[in-house]
Every structure is written in C-alpha cells, then in structure tokens.
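All of the numbers you see were taken from the coordinates with simple rules; none came from a lab. Small disclaimer: the values here were computed from a predicted structure and weren't measured. Heads up, the Cβs are rebuilt from the backbone with ideal geometry, glycines too, and the neighbour counts pull from every protein chain shown.
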C-alpha cells in the first residue's frame, strides 16, 4: 500500500492525497490551492497522476481547498465514485458552481483557459454520494469507509479507511471545541497511520472569551460611530458570527444597529445549515426548540443583489457588515474596505485564517496602505483579531487528538499547515507521545 502527498503538504490549502492498494486507487480530497495569485497558478497544472485511473474520491468537507479541483478531475477523465456526508455534498455543489463562475471570469480577463466548465460540476455531482456519520460503507471487497464528526464545519468528517488489516485515518480539518453550533470532534482509535492537519500546530488560543471580545469590539466601535467590517468564509464562520450576534442582540447586550450579511454565497450556505439541525450541538438544538431563529434577528438584513449591496452605503454608521471573501482576496468586502479602511472610527475584525501573501495577512501584519481596485487605500481603521472563532483546533487540541489515537499508531503524517507550524507540532508529538511523526513534501510517497 502506497500513500502519496500531491497537495496540502507544507501548505494549508490544496489538500490531495493518493492511496494505492494493488489496482485500487483512492483520492482523499481534491482541493484548490489558495492564498495569492502565484499560488493559485498551481491549479492550472496537470494532475501528477492519471484521473482516469482513480476509483474513488473521499471528501472530508465542503471547503474549496478540499473540493475545488473535483470538476477539473472530472474534466480530465475521472468517472469513479465520490463520497462525503450529506451536508458536504450540498456545500460542494454550492461552492463549485460559484467557483466555476468566478474562475471563468478570471480566465477570460487573463485570456487563459478555464480550469473547468459548468458541465464538469454537473458531472461531479452525478458521481457524488451523500453518507451519514457512522455509516460503514463497504467498497470493492476489502475496503470499509467510515465518516466521523470532525467538528470543523457542518458535515465535516474524519475519514476512517480500513483496507484489509490496515486502518488509515485522515483527519481532514479538526474543529474548535468552543464552537457555538457544532458538536465536538470525535476521537479515533485503532489506527495504524494518521494523516492529521496542523494549521495551528504552533498556536494556542482561548475560545472561552470570544463572545466577550466580540461584544467589547462592537460596543467600542458603536460608541465611536464607526463601522465593524467582518470578512468571513461563507461556510461556518459566517454562521458562527450570526449565532453570536443573534445572542448579543436578543439579550440586549449591544444596541440595535443595522447589520448586513453582504454575501449571496453566505446566504445560500446559511440555508443549508438550516436543513441539518440534527448536526448541531445540544445547546443550539435547545435554542431552536425554544423558538429562536439562530441565524436571523431584528436589525439583520440579507443583501443578495448588487443594488442591495450598494444600498449599505446609505445606512448611517454605526453598523456591522459581514462579507466575503474570508481572506479578503476579492468579493464584496473589497468595496467596504475601500470605503472604511481610511476611517479611524471603524474596525476591521478578522475572525478567519489569513494565508501568507493574502490581503488579509498584509493587513494583520500592520500594512498602513493597501491596493484595492488599483487604488492606494490608507489604513486608518483599527485591525483586530479574535482567534477564538477559528474553526480549527489549536496546538493543544491537536496534541490531544493525536494522544487519543496513539495506541497502535505506527506513524503520523502532518499536513495542511505552514511548514513552521507542522514542524512545531511534529516535535511536540514526538516529545510527548513518542510516535514517529513526518512532515512530508509535495510528491513524497510512503509504503504503509
């Protein structure tokens, strides 16, 4: 049995792992490389394997850096089966059509070939089978697939894969146990090999005080008469923030002010969240039973159209604007940044991971001027960050996950993190657990 890392090695995005056992070839995730224009050129390169030979693709969750190249895989000849949880299938369909539209426009402006077409997305969805957590799926004789709750976003999964007498576990992205909505990450046992994410392998954060920090930032900015801009990923981060704003507003812990969800994709993703309340944790389910609409409250306006988005300018401050994209590499957030970054009464509140080279990372690193729509924009607004809203486990939580899986583990491979974070976590695991831990390079293969 051979495992090859074709993406997500010493990198946060572009997850793509190939597992070969005899004539069976299984791909775990097939994500876009994201972060900046240079990195995203990787998405145009041919796959380093033959897509026609892939039998199965197993998907950990519906973020673009895990599913974004599935239509390219289809376009290049893949006709096997795809498996993920039911919410993952729904999210994948939503963001792949959205991504195809964006990538198509970008390719046209750059006079480049499109990575894939709408027909390729349709082809992917015809092959995509939705599954439940704990549903053991037997494939091709000796392959048993099982999804466990990763607690990262709705429907996110840890993949347990049994092939004969070996058990390989792919963590996908592991969740933050302080999530207001989702159940905590399930533990795994009995694995021979663990492929585990390491995004925050060198960072600790306290999720207990996140709501208090959000409330303080809102109150301070409201009192100044400023605007709170929150760039957020359409899936999970937006819903988490809406949940918190709902509680603060309904309990009158903040004044009633205009709040805008200025992202058609986030609005559609929130509709998917509403389909799966049985995936929520007990506290969130209890609120629903009490009649609370988790993602809707007085003062919140959903702006789907361009005209509705532009009308936000007419609403006087103070106000809150949630918009994409999460890393501020495009989307409607650019219009709000251009308008309000020069305002020293306003605040840019960062609640999501910002990749190296992204506009969000430059702002977090203290840039005093940025370029948006080919304009030089001075940064006078405050830039604040709350790590507690991360959808990822921190260093201690990652170590705990590995500790629970330790018994019988032959090797751990750390992926989906910047190189420094992966190496920091590898040292910690080896020192504390005594399990051989490897930080692979892209293209590395290992016999299991």
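Note on residue 301 and residue 441: their simple-model spin labels are 5.5 nm apart, each label 7 Å out from Cα toward Cβ. As a calculated quantity, the FRET efficiency between residue 310 and residue 129 at R0 = 35 Å, using C-beta atoms, amounts to about 0.25. Among 442, 67, 124, the ranking by other beta carbons within 10 Å of each residue's beta carbon, starting with the fewest, stands as 442, 124, 67. Sorted on the mean count of surrounding Cβ atoms within 10 Å across their residues, most packed first, peptides 125-137, 414-426, 4-16 read 4-16, 414-426, 125-137. Once both labels are modelled 7 Å past Cα along the beta-carbon direction, what's the residue 250-residue 81 spacing in nm? It is 4.1 nm. Potential lengthening of the chain between residue 289 and residue 372 amounts to 25.4 nm, from the contour at 0.36 nm per residue minus the alpha-carbon distance.
What shape does the range 1-76 have by the C-alpha gyration tensor, where a ≥ b ≥ c are the square roots of the eigenvalues, rounded means a/c under 1.5, and otherwise prolate means a/b greater than b/c and oblate the rest? In terms of gyration-tensor shape, prolate. With a Förster radius of 35 Å applied to the beta-carbon distance between residue 396 and residue 50, the computed FRET efficiency rounds to 0.25.
When the helices of the chain are scored as -39500 (n - 2.57) per DSSP H run of n ≥ 4 and the total is divided over every residue, the value at 222 nm lands at -9500 deg cm²/dmol.
Between 0 and 90 degrees, the angle of helix 118-127 with respect to the longest Cα principal axis of the chain falls at about 50 degrees. What do you get for the angle between helix 86-110 and the principal long axis of the chain? Use alpha-carbon atoms, 0 to 90 degrees, nearest ten. Here the helix axis deviates by roughly 70 degrees. In terms of its C-alpha gyration tensor, the range 154-261 has a prolate overall shape, because the principal axis ratio a/c (a ≥ b ≥ c, square roots of the eigenvalues) is not below 1.5 and a/b outweighs b/c.
Extension gain, residue 223 to residue 419: 0.36 nm times the residue separation minus the Cα-Cα distance gives 66.4 nm.
Comparing the chain with the 2.2 N^0.38 Å rule of thumb, its C-alpha radius of gyration ratio is 0.96 (two decimals). Axis angle, to the nearest 10 degrees, between helix 419-433 and the longest C-alpha principal axis of the chain: 60 degrees. In terms of other Cβ atoms within 10 Å, 122, 111 run from fewest to most in the order 111, 122. Any idea how far the Cα center of the range 155-218 sits from the one of the range 376-395, in Å? After rounding, the separation between the Cα centres reads 20 Å. A prolate overall shape is assigned to the range 208-389, the ratio a/c of its alpha-carbon gyration tensor axes (a ≥ b ≥ c) being 1.5 or greater and a/b exceeding b/c. Using the average count of surrounding beta-carbon atoms within 10 Å as a protection proxy, the listed peptides 277-288, 355-366 rank, highest first, as 355-366, 277-288. For residue 274 and residue 138, the difference between the fully extended length at 0.36 nm per residue and the C-alpha to C-alpha distance is 45.9 nm. Among 290-296, 217-223, 368-374, 166-172, sorting by the average number of other beta carbon atoms lying within 10 angstrom of each residue, highest first, gives 166-172, 217-223, 290-296, 368-374.
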